[in-house]
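Peer 1: Next up is a structure, given as structure tokens.
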Amino acid sequence: MKEGIEKIKVLIIGGGLGGLVLANILKRENIKFKIFERDTSEKSRIQGYLIGLNKIGIESLKSSLCEEKFEKIKQLFKDGEFAVADRNLEILLKFKSGGTVNRSELRSILMEGIDVEFGKRLQSYIEDDVNGEVIATFEDGTIEKGEILIGADGVRSCVRDFKLPNFKFADVNVFRIQALVPNVTNDILDVIFQGDENSTILKTLGNFRNTIIFGRTKNIQHAISLGIEDVDNIERVIEENQHHTEILLISYEWRPKDVTNDPIPTTRQDLLNLIRRDTKNYHPMVLKLLNDYLGPQHLLDSHATPLTQASPILNFKTSRVTLLGDSVHAMTSHAGMGGNTAIKDALELGNALTKIFINGLPIIESLSSYENEMLSRGFKAVGFSRSSTERMHANEVGWFGEKFRNTFMKLFYQLIVLGIIKLD
């Protein structure tokens with residue numbers, strides 16, 4: 001190892017939301033840090049998913065950021081509505097999406113004033129307790145020293161792979177197929193979105209362990225914000241959109257009844273056949289869309305994407321290396337908790353590091369306290385998200401079960417409208 005490498009306080013691996021929020025806290029507290037991102041630039045990989053900031057996420061951002069940055073983020077909040085309907089498009093729930101922001105825009109604001117070193121993929125690290133440091137080696141051959149190393153590098157975390165070699169993902173057994181459909185006529189759009197211009201996303205609940213999300217878009221940036229990562233496919237579909245109307249995003253999720261006898265399709269046509277087979281009892285306008293407008297060329301991939309979540313971790317040995325967010329407690333997306341939980345982790349870890357470097361608390365004591373709370377909070381969110389997944393995909397729903405579910409959800413919505421149940 002080369003001599004003379006400066007040892008700083010904190011090395012952050014990962015420039016996503018959690019890592020950037022943590023970096024902002026450390027900068028505010030004048031704690032020296034470096035943050036490394038494996039992507040080659042801010043724009044080299046689409047970070048476009050919409051993220052719904054709940055009370056936990058918003059309050060954590062407010063506590064983590066300077067007032068100017070927080071006000072900028074508030075300006076990103078998008079108007080619109082998110083609705084849940086049954087397979088006949090009868091609305092069961094409807095929410096304002098005022099806390100919804102574009103992930104890439106949020107990331108750009110968090111990055112302001114933060115010197116992110118791009119193109120830095122971690123190769124390995126060594127903990128040296130004798131000298132009180134962590135030595136990180138990157139694939140480009142560079143070496144960095146820090147007193148503490150943070151793994152904020154997401155679902156495919158390199159830091160986690162080293163720290164927790166026995167870590168496993170749980171089998172959720174739910175799969176996703178995405179498509180972009182051009183030339184959808186207004187008669188279909190008006191029925192799906194109930195003629196409501198403010199309604200931008202509609203989630204429908206089937207009764208064969210399946211759901212369909214519909215989202216409408218007119219341009220590349222908005223399609224990206226809905227979660228479409230393949231820009232080439234977006235451009236191709238927009239070019240096909242002869243009517244210059246809104247393009248429809250379809251995100252179909254299902255749980256196979258029996259993978260052995262009903263294997264996951266591996267071609268676009270077979271994926272489309274599966275969607276059509278299991279939605280035959282949907283609203284006639286949805287069937288018209290799926291049969292007359294949606295073709296195999298509109299599917300964004302030739303395979304279905306499996307949903308994943310982290311297997312439970314009760315504890316791990318506290319050291320100079322720790323984790324936050326998806327790197328340790330990745331979860332399904334059905335409760336909107338992943339990004340919010342990562343932001344909360346960053347706030348709490350920032351507080352722990354402040355106690356270490358400003359107040360002089362021992363490293364192991366402070367990080368152990370953070371990790372215990374982070375694991376408890378994170379895996380509660382994993383369980384809550386999985387429960388939401390199971391409610392939508394666990395079992396086929398018969399006539400009585402469907403009526404009961406729909407009635408319960410409508411009643412729940414009315415209690416929200418009346419203010420008897422408060423979501424915040």
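Peer 1: So Pro362 ticks every box in (1) farther than 26 Å from Ser157 by Cα; (2) touching a residue at least 24 places away in the same chain (Cβ under 8 Å) but one. Which box is left unticked?
Peer 2: If we test Pro362 against (1) farther than 26 Å from Ser157 by Cα; (2) touching a residue at least 24 places away in the same chain (Cβ under 8 Å), just (2) comes out false.
Peer 1: If you check Arg156 against the conditions, is it of a type in the set (Lys, Arg) and surrounded by fewer than 19 Cβ atoms within 10 Å (Cβ to Cβ)? Break it down stepwise before answering.
Peer 2: Details: of a type in the set (Lys, Arg): yes; surrounded by fewer than 19 Cβ atoms within 10 Å (Cβ to Cβ): yes.
Yes.
Peer 1: Let me spell it out: the conditions are (1) out of contact with any strand residue (DSSP E or B) (no Cβ under 6 Å at 6 or more places or on another chain); (2) surrounded by fewer than 23 Cβ atoms within 10 Å (Cβ to Cβ), and Phe357 meets all of them except one. Which number is the exception?
Peer 2: Every listed condition holds for Phe357 apart from (1).
Peer 1: What is the one condition in (1) modelled with pLDDT under 75; (2) crowded, with 20+ Cβ neighbours inside 10 Å; (3) among the hydrophobic types (A, V, I, L, M, F, W, C); (4) not in a loop (DSSP other than H, G, I, E, B) that Ile238 does not satisfy?
Peer 2: All conditions are met except number (2).
Peer 1: On to the next question. Do any residues in the range 256-274 that are over 16 Å from Gln178 (Cβ atoms) have Cβ atoms under 9 Å from those of residues that are charged (D, E, K, R) and part of a loop (DSSP other than H, G, I, E, B), where the two are at least six apart or on different chains, and which pairs are they?
Peer 2: Pro256/Arg209; Pro256/Asp262; Lys257/Arg209
Peer 1: Further, regarding this structure: Return the residues of the range 104-120 that are surrounded by 15 or more Cβ atoms within 10 Å (Cβ to Cβ) and either more than 19 Å from the chain's Cα centre (by Cα) or modelled with pLDDT of 85 or more (or both); say none if nothing qualifies.
Peer 2: Residues of the range 104-120 surrounded by 15 or more Cβ atoms within 10 Å (Cβ to Cβ): 104-111, 114, 116, 120.
Within the range 104-120, Glu105, Leu106, Arg107, Ser108, Ile109, Leu110, Met111, Ile114, Val116, Lys120 qualify.
Peer 1: Being surrounded by 21 or more Cβ atoms within 10 Å (Cβ to Cβ) and of a type in the set (S, T, N, Q) is the requirement here; does Thr332 meet it? Don't jump to the end; show me each part of the working.
Peer 2: Details: surrounded by 21 or more Cβ atoms within 10 Å (Cβ to Cβ): yes; of a type in the set (S, T, N, Q): yes.
It is true that Thr332 is surrounded by 21 or more Cβ atoms within 10 Å (Cβ to Cβ) and of a type in the set (S, T, N, Q).
Peer 1: Within the range 104-161, how many residues turn out to be β-branched (Val, Ile, Thr) and free of Cβ contacts under 8 Å to residues at least 40 places away in the same chain? Lay out the reasoning, then the answer.
Peer 2: Let us first name the residues in the range 104-161 that are β-branched (Val, Ile, Thr), namely 109, 114, 116, 126, 130, 134-135, 137, 142-143, 148, 150, 155, 159.
Now drop any that are not free of Cβ contacts under 8 Å to residues at least 40 places away in the same chain, which leaves 126, 130, 137, 142.
Of the residues in that region, 4 qualify.
Peer 1: Please go through the range 380-411 and give me each residue that is touching a residue at least 60 places away in the same chain (Cβ under 8 Å) and assigned to a helix (DSSP H, G or I), ordered by number.
Peer 2: If we filter the range 380-411 for residues that are touching a residue at least 60 places away in the same chain (Cβ under 8 Å), which is where we start, we get 382, 385-386, 389, 392-398, 401-402, 405-406, 409-410.
Matches in the range 380-411: Val382, Ser385, Arg386, Thr389, Met392, His393, Gly401, Glu402, Arg405, Asn406, Met409, Lys410.
Peer 1: How many of the residues making up the range 369-386 are hydroxyl-bearing (Ser, Thr, Tyr) and either crowded, with 17+ Cβ neighbours inside 10 Å or outside the structural domain of Leu323 (by TED's automatic domain parsing) (or both)?
Peer 2: Step one: list which residues in the range 369-386 are hydroxyl-bearing (Ser, Thr, Tyr), which gives 369-370, 376, 385.
Now narrow it down to the ones that are either crowded, with 17+ Cβ neighbours inside 10 Å or outside the structural domain of Leu323 (by TED's automatic domain parsing) (or both): 370, 385.
Number satisfying all stated conditions: 2.
Peer 1: Working carefully through the options Leu20, Leu92, find the one that is closer than 30 Å to Tyr282 by Cβ and buried (at least 16 other Cβ atoms within 10 Å of the Cβ). Steps first, please.
Peer 2: Numbers: Leu20 fails: closer than 30 Å to Tyr282 by Cβ.
Within the list Leu20, Leu92, the selection yields Leu92.
Peer 1: Right, another one. Only one of these is within 25 Å of Ser366 (Cα to Cα), at pLDDT 95 or above and assigned to a loop (DSSP other than H, G, I, E, B): Asp153, Asp140. Name it. Can you show your working first?
Peer 2: Numbers: Asp140 fails: within 25 Å of Ser366 (Cα to Cα).
Unique residue meeting the criteria: Asp153.
Peer 1: Within the range 1-103, considering only helices (runs of 4 or more DSSP H) that don't extend past its boundaries, which have at least 3 residues that are within 30 Å of Asn359 (Cα to Cα) and either among the aliphatic types (A, V, I, L, M) or modelled with pLDDT under 90 (or both)?
Peer 2: Numbers: elements: 17-28, 55-64, 67-74.
Ranges flagged: 17-28, 55-64.
The values are calculated or read from the model by the stated rules, or taken from the named source; none is laboratory data. Since the model is a prediction, treat every value here as computed from it, not as a measurement. FYI the Cβ positions are ideal-geometry reconstructions off the backbone, even for glycines, and counts take in every protein chain you see.
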